[in-house]
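Contents: one structure, followed by commentary.
The values are calculated or read from the model by the stated rules, or taken from the named source; none is laboratory data. Note that the structure is a prediction, hence the values are computed from the model and not measured. Ideal geometry is used to build each Cβ from the backbone, glycine not excepted, and the neighbour counts take in all protein chains shown.
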Amino acid sequence: MIGTNMNFDFTEEQLLIQETAKDFARTEIAPTSVERDINAVFPGEIVKKMGELGFLGMMVSPDYGGAGLDTLSYVLAMIEISKVDASCGVIMSVNNSLVCYGLEKYATEHIKQKYLVPLAQGEKLGAFALSEPEAGSDATKQTTTADKEGDSYTLNGMKNWITNGINGDYFLVMATTNKEAGHKGISTLLVEKGAPGFGHGKKEDKLGIRSSDTCSLTFENCKVPVENLVWEEGKGFNFAMNTLNGGRIGIAAQAIGIAEASLDASIKYAKERKAFGQTISNFQAIQFKIADMAVKVDAAKLLTFKAASLKDAGKKYYKEAAEAKLYASTIAVEIALDAIQIHGGYGYVREYLVERYLRDSKITEIYEGTSEIQKIVIARELLKD
Ligand code: CAA
């Protein structure tokens, strides 16, 4: 691999992060995950503890309240958290990748001190608002507007599918500041929860990741101080694309966590379940499925570690991030389906967790760029002159 360490002998620090995340997920997240999924309850206390452990600002410099870790550590932690609860995984991913990363890289010192520090320390939770009812994959078609007058912008419009939309404190909102300029007229504004004119819709009743909150946001003559402009006017679309590249690494890790959980559950079940006088792990039909699942998990890990390593090395990584997300999300759904098949009827009921893994896995093919969008990103890079 050009210019990157692809040996993946993880450092002691990276292994410690992985172990800490694993312990935390088992002891603090697992006990309530089934109930939170059924009743769609946000994991408020867990998110607070994740913040205290540094899981919400993993890659942010200690100068701004973060843990100062690399992307590989973040990936390892995301896998462990998502393996136990993919809802906690997405909450963590959005705060780290889409909010903290973008603020540290592009925001003014004022914004960093005022907003990034509490976000990285886990005292506040962030959300990222790009999608609109008519602008999902076609993200340049932003209709939310921000008109500048004096020392504030007036924000009008609607966003939807916003993770942390209800429980978030600080929102990065992409809005059009210059209608004539197309995507170069989009800017990013940081909006605080409770700002007059800023509201949210009902919590979406989702197929999976039900414990995370997702809702629409509305802005009606909502005033945002000009100092809350992130980066420069007209740079909002580039801001969104650049942060989403890192976000896609996070979602790839989330998908791997779900896939690995499906694989582990399948191995356990195959060794316990008896049919035709022996455990089903003796049958090649089951063995081949498990072997295929394991190869897919490992391949997804390699792609994701590669993208993370490129990012850590300061190299271009957006094609690799798209490849990692595309592949990891595809195999997460496939493996969850195989896990249900191995479990037979037991896989179809709530008592065994594999039905949740399937429901949770599907979103990884949709958010932070659908699989089709990832293919566009990959193909454009390969086919460009
Ligand atoms: N990285 C960096 N820059 C990128 C980029 C990438 N992956 N993809 C596009 N860009 C840049 C281009 O270089 C170009 O920049 P300049 O104008 O400075 O040259 C600009 O973006 C416009 O690009 P295109 O001309 O290629 O625009 P397009 O409209 O043809 O395609 C797209 C753009 C790739 C389809 C883009 O709209 C896209 O990625 N869509 C998917 C949006 C998405 O991922 N939404 C997720 C919502 S957030 C979410 O899910 C969060 C959550 O809560 C979990």
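Yes/no matrix, rows are residues, columns are (1) away from the ligand (no atom under 13 Å from the Cβ); (2) outside any helix (DSSP H, G or I):
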position: Ser212; (1), (2): no, yes
position: Glu220; (1), (2): yes, yes
position: Val224; (1), (2): yes, yes
position: Leu263; (1), (2): yes, no
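Inspect all residues belonging to the stretch 158-166 and state whether any of them is over 30 Å from Ala332 (Cβ atoms), surrounded by fewer than 22 Cβ atoms within 10 Å (Cβ to Cβ), within 12 Å of the ligand (Cβ to nearest atom) and not basic (Lys, Arg). Among the residues of the stretch 158-166, not one is over 30 Å from Ala332 (Cβ atoms), surrounded by fewer than 22 Cβ atoms within 10 Å (Cβ to Cβ), within 12 Å of the ligand (Cβ to nearest atom) and not basic (Lys, Arg), which makes the answer no.
Could we say that Gly165 is farther than 22 Å from Leu116 by Cα and either at pLDDT 95 or above or not in a loop (DSSP other than H, G, I, E, B) (or both) here? So Gly165 does not fit the description; no. Regarding the stretch 158-166, can at least one residue be identified that is more than 20 Å from the chain's Cα centre (by Cα) and not basic (Lys, Arg)? Yes, the stretch 158-166 has at least one match. Of all residues in the stretch 178-195, those satisfying the criterion of being closer than 30 Å to Glu123 by Cβ and touching a Gly at 6+ places or on another chain (Cβ under 7 Å) are Ile186, Ser187, Thr188, Lys193.
When the stretch 14-46 is filtered for residues that are among the acidic types (Asp, Glu), without any contact (Cβ under 8 Å) to a residue 24 or more places away in the chain and within 20 Å of Gly208 (Cβ to Cβ), only Glu35 remains. Screening the candidates Ala240, Ala195, Ala253 for the property of being of a type in the set (Gly, Ala, Ser) and near the ligand (Cβ under 10 Å from one of its atoms) yields one hit, Ala240.
Okay, residues lined up against (1) over 17 Å from the mean Cα position of the chain (by Cα); (2) more than 15 Å from Asn245 (Cα to Cα); (3) surrounded by fewer than 21 Cβ atoms within 10 Å (Cβ to Cβ); (4) outside the structural domain of Lys301 (by TED's automatic domain parsing):
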| site | (1), (2), (3), (4) |
| --- | --- |
| Leu337 | yes, yes, yes, no |
| Tyr346 | yes, yes, yes, no |
| Glu351 | yes, yes, yes, no |
| Ser361 | no, yes, no, no |
| Ile366 | no, no, yes, no |
| Ile376 | yes, no, yes, no |
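Check whether at least one residue in the stretch 147-157 is under 29 Å from Ser87 (Cα atoms) and within 15 Å of the ligand (Cβ to nearest atom), and report yes or no. So far as the stretch 147-157 goes, no, none of its residues is under 29 Å from Ser87 (Cα atoms) and within 15 Å of the ligand (Cβ to nearest atom).
All conditions but one from (1) farther than 30 Å from Ile29 by Cα; (2) near the ligand (Cβ under 10 Å from one of its atoms) apply to Leu130; the one that does not is (1). Here Asp298 meets each of (1) away from the ligand (no atom under 16 Å from the Cβ); (2) farther than 27 Å from Gly157 by Cα; (3) surrounded by 14 or more Cβ atoms within 10 Å (Cβ to Cβ) with one exception, condition (3). Screening the candidates Ala275, Ala322 for the property of being outside the structural domain of Ser33 (by TED's automatic domain parsing), within 14 Å of the ligand (Cβ to nearest atom) and out of contact with any Ser or Thr (no Cβ under 6 Å at 6 or more places or on another chain) yields one hit, Ala322. Screening Glu80 on (1) in contact with a helix residue (DSSP H, G or I) (Cβ under 8 Å, 6 or more places away or on another chain); (2) under 13 Å from Arg210 (Cα atoms) shows it passes everything except condition (2). Restricting the stretch 310-326 to residues that are under 15 Å from the mean Cα position of the chain (by Cα) and not basic (Lys, Arg), the residue that is nearest to Asp70 (Cα to Cα) is Ala321.
For every residue, the table says whether it meets (1) in contact with a Phe, Trp or Tyr (Cβ under 7 Å, 6 or more places away or on another chain); (2) not polar (S, T, N, Q).
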position	(1), (2)
Ser211	yes, no
Phe239	yes, yes
Ser266	no, no
Lys271	no, yes
Ala313	no, yes
Tyr317	no, yes
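Output yes when any residue across the stretch 337-351 is out of contact with any Pro (no Cβ under 9 Å at 6 or more places or on another chain), in contact (Cβ under 8 Å) with a residue 12 or more places away in the chain and farther than 19 Å from Ala265 by Cβ, and no when none is. So far as the stretch 337-351 goes, no, none of its residues is out of contact with any Pro (no Cβ under 9 Å at 6 or more places or on another chain), in contact (Cβ under 8 Å) with a residue 12 or more places away in the chain and farther than 19 Å from Ala265 by Cβ.
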